[in-house]
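Accompanying notes for the structure given below.
The values are calculated or read from the model by the stated rules, or taken from the named source; none is laboratory data. Only a predicted model underlies this, so the values are computations on that prediction, with no experimental measurement involved. Note: accessible area is taken over every heavy atom of the protein model, side chains too, but ligands, DNA and RNA are not part of it. Shrake-Rupley method; radii C 1.70, N 1.55, O 1.52, S 1.80 Å.
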Amino acid sequence: MIVESAFIIRSTAVFDSIQNTPYPASILVENGMIQRILPWDAPEADPALAVVPLCDYGDKLILPSFVDAHTHLFSAAIVASEFVCDTLGEGKSQAACVEILKEYARQHPDLERIRGTGWFIGNWEDKILPDKRSLDEAFPDKPVYLQCADAHSFWLNSKALEEAGIEPRPEMDNGVVCTWENGELTGLLLEPAAYAPAQRKYMEFSDEQLHGILKDFQGVLAQNGVAAVSEMFADPYSEETYHRYGLLKKLDEEGALRSYSYLYTELFGHTDFTEYFALKEAIDSRHITVNGVKGFIDGVTETHTGLLLEPYEDQPETCGDGLPLWPRERMQEEIIAANRKEIQVRLHCIADGSVRMALDMYEKAQQVNQDDSLRNTVEHIENIHPDDIGRFEKLRVIPSMQPYHLTLSNNAKSLQIGKERCRYEWPVRSILEAGGQMAFGTDCPVVSVNPFLTIYAAVTRKNDEGVQYSQNPWETVDMATALKCYTLGAAYVYGKENEMGSLEAGKRANLIVLDQNLFEIPEEKIEETKVAVNYFEGELVYQNARAVI
């Protein structure tokens with residue numbers, strides 16, 4: 001029996017994330033679920049289906065909605081709002097970024113704080129870290145908070161340093177508050193523990209403002225065909241976290257969410273996890289899940305806070321400053337304890353030293369707990385030792401990677417870690433060929449949540465201008481593999497592969513229609529692709545009238 005809420009979506013090009021090529025098919029949707037995958041001509045061949053409303057998209061590509069395995073939901077929403085200057089990535093120097101910010105400030109004269117994101121010394125011609133002096137000259141009276149594109153540094157002016165209460169902290173073992181030789185603050189804060197007070201001010205909005213920011217971001221996700229995101233900042237179990245997560249839950253209760261949110265809280269400092277389960281009990285709802293815990297082993301190689309197995313090429317006295325960011329013995333205890341409680345662990349690992357450390361600690365946890373079923377992940381993997389490539393499959397650890405970050409790096413790693421180690425930078429294909437269960441994401445707002453930029457980078461390893469990047473261009477993947485990593489592979493990270501990530505009977509009707517067929521267009525057209533139609537749980541949540549024609 002066909003229910004009244006049923007309808008059929010069809011195309012001659014349906015990619016289900018199971019097979020490797022698109023095929024003609026009709027998809028019967030009932031009550032927000034995929035009821036059946038049918039032959040393309042089923043609506044005409046079956047009298048029972050002939051009366052069901054039909055949405056025929058011709059030869060447009062239909063595929064599962066994208067699942068982003070790694071985002072920072074709250075900061076991504078804020079960056080997408082009018083409250084943040086998000087064009088600093090266009091600046092090729094400190095001075096250029098200041099000029100971009102001055103123009104933004106002229107257009108937004110009523111802002112009490114100036115917020116910006118996207119500056120990155122890898123894009124700067126002089127590769128010199130910034131300081132407060134240029135900001136002080138341009139903005140002597142307003143606090144300025146500028147988040148680095150890699151989200152591991154903040155650049156502040158004097159007003160912001162004062163407002164956030166930043167003081168020199170030479171004793172820090174989990175971050176760097178930069179000072180000049182005379183002890184004066186430079187305005188640069190490296191790694192989360194150092195920039196946490198600045199981050200709080202950057203994220204500080206009224207409830208009404210944040211409610212609007214989060215709601216508007218749902219539209220951004222719908223427009224990009226993204227049905228699932230995460231909050232990967234490793235939030236503490238604080239009143240502030242409860243409050244912020246509560247605002248997101250309120251949106252869900254209002255029926256305003258058009259995506260699933262998977263929240264990852266603080267791993268470090270915890271072996272009991274009573275607070276984790278209390279937060280989960282308070283926050284979990286229809287579209288929101290407190291899904292696991294997160295830790296940071298290292299930072300980024302650009303500031304020499306990525307943990308290498310061997311010294312840096314440009315700073316041979318170190319394998320990484322102040323690393324690991326948390327004592328290894330404590331990390332090991334906490335990972336074992338979390339997994340014993342059946343809590344997934346996700347670890348930020350940029351460089352080969354942190355990747356190996358994470359794999360070693362996961363292996364130890366499996367041995368102690370006698371359980372390898374937890375879907376622990378290694379996040380980023382910007383370079384790896386070849387001996388560790390096959391360990392993901394062996395240990396059933398998930399590599400969670402962001403291919404578009406390769407272009408953000410601008411080949412800077414060859415200067416920092418040398419060309420030989422860069423043969424194993426962003427080793428997507430090598431890990432897949434060794435049997436790893438890959439998940440793709442963006443790390444938004446480090447880069448845009450637009451999935452087509454990531455897909456383009458994965459299948460070409462070229463930048464937006466079509467220039468070949470990396471020392472290992474052979475690490476490309478084909479289109480089918482890229483889409484599977486961005487749908488079913490990412491759903492597997494969240495433990496939701498039986499509910500979404502592919503077009504199969506019994507799964508949620510999260511699917512999108514594109515304005516061009518990714519399997520047929522020239523590679524240089526991939527980034528131009530748009531979502532024409534987006535269905536979330538069977539509800540039409542976005543339609544681009546021009547793209548549907």
Notebook entry, point to check: So, in Å, what gap is there between the alpha-carbon centers of the range 137-197 and the range 426-493?
Noted result: 33 Å
Next item on the list: Divide by every residue of the chain the summed helix terms, -39500 (n - 2.57) for each DSSP H run of at least 4, and state the resulting mean residue ellipticity at 222 nm, rounded to the nearest 500 deg cm²/dmol.
Entry: -9000 deg cm²/dmol
Notebook entry, point to check: Expressed as a rounded percentage, what relative contact order does the chain have, with Cα pairs under 8 Å and six or more residues apart?
Noted result: 16 percent
Notebook entry, point to check: For the range 174-307, what's the relative contact order in percent, using C-alpha pairs closer than 8 Å and at least 6 residues apart?
Noted result: 20 percent
Checklist line | TRP155 accessible area, 1.4 Å probe, all protein chains in place, Å² to nearest 10 | finding: 0 Å²
Item checked: Largest to smallest accessible area among GLU329, GLU527 [probe 1.4 Å] -> GLU329, GLU527
Note to self: On a 1.4 Å probe surface of the protein chains, which of PHE83, PHE233 comes out largest in accessible area, and what is the full order?
What the structure shows: PHE233, PHE83
Check: So what does GLU82 come to for accessible area, using a 1.4 Å probe and Å² rounded to 10?
Finding: 120 Å²
Next item on the list: Give me the accessible area of SER5, 1.4 Å probe, in Å² rounded to the nearest 10.
Entry: 60 Å²
Notebook entry, point to check: Rounded to the nearest 5, what % of the DSSP beta bridges within the range 162-312 are antiparallel ones?
Noted result: 20 percent
Check: Where does each of GLU523, GLU420, GLU302, GLU99 land when they are ordered by accessible area, with a 1.4 Å probe and the largest first?
Finding: GLU420, GLU99, GLU523, GLU302
Next item on the list: Identify all lysines with a Cα-Cα distance to LYS60 below 25 Å; exclude those on the same chain that are fewer than 8 residues away in sequence.
Entry: LYS484, LYS507, LYS525, LYS530
Margin query: If you average the alpha carbon positions of the range 239-257 and of the range 325-403, how far apart do those two centres end up, in angstrom?
Written below: 30 Å
Check: Which of the lysines could a cross-linker bridge to LYS394, judged by Cα under 20 Å and excluding same-chain residues fewer than eight apart?
Finding: LYS364
Notebook entry, point to check: Which of the lysines could a cross-linker span from LYS215 if the Cα-Cα distance has to be under 18 Å and same-chain partners fewer than 8 positions apart are dropped?
Noted result: LYS249, LYS250
Next item on the list: Report, to the nearest whole %, how much of the accessible area of the chain belongs to carbon and sulfur atoms, 1.4 Å probe, protein only.
Entry: 47 percent
